[in-house]
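Notes for the one structure printed next.
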Amino acid sequence: MGLRFNLLAQRAADKGYGIKMNQHHPERYDLYALSDHSHDHSVYDISYEALLEELQEIEEEDS
């Protein structure tokens, strides 16, 4: 999980977001804004698949 998580974290950071494992459910994730965004995609306690979808939405908005 380490390399995959690090690659996702870098992808999120490039768009102004951070990722961490949820403290109550270690198999789930939190996506949080590192800075202000016109449309904040911060979301907590999401699955890996939902995290990938949210990152895809962020990348599509920036295109």
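The values are calculated or read from the model by the stated rules, or taken from the named source; none is laboratory data. All values reported here derive from a predicted model rather than from experimental measurement. Cβ: placed from backbone, ideal geometry, glycine included. Neighbour counts: every protein chain shown. Areas reflect the complete protein model, heavy atoms only, side chains present, ligands, DNA and RNA absent. Shrake-Rupley method; radii C 1.70, N 1.55, O 1.52, S 1.80 Å.
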Å² per residue, accessible surface of the range 1-52 at 1.4 Å
65
Asp62 to Ser42: extension gain in nm, 0.36 nm per residue of separation minus the Cα-Cα distance?
5.6 nm
Whole-percent carbon and sulfur contribution to the accessible surface of the chain (1.4 Å, no ligands, DNA or RNA) stands at 48
Rg to Rh for the chain: what is it, with Cα atoms only and Rh by Kirkwood?
0.94
Tell me the angle of helix 48-62 to the major Cα principal axis of the chain, expressed in degrees between 0 and 90 and rounded to the nearest ten.
10
Under the definition of Cα pairs under 8 Å and six or more residues apart, what whole-number percent is the relative contact order of the chain?
24
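Return the calculated 222 nm mean residue ellipticity for the chain, to the nearest 500 deg cm²/dmol, obtained by summing -39500 (n - 2.57) across DSSP H runs with n ≥ 4 and dividing by the residue count.
Roughly -14500 deg cm²/dmol at 222 nm, from the helical runs in the chain.
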GluC sites (Glu not before Pro) within the chain: DSSP coil, no more than 15 neighbouring Cβ in 10 Å
Glu27
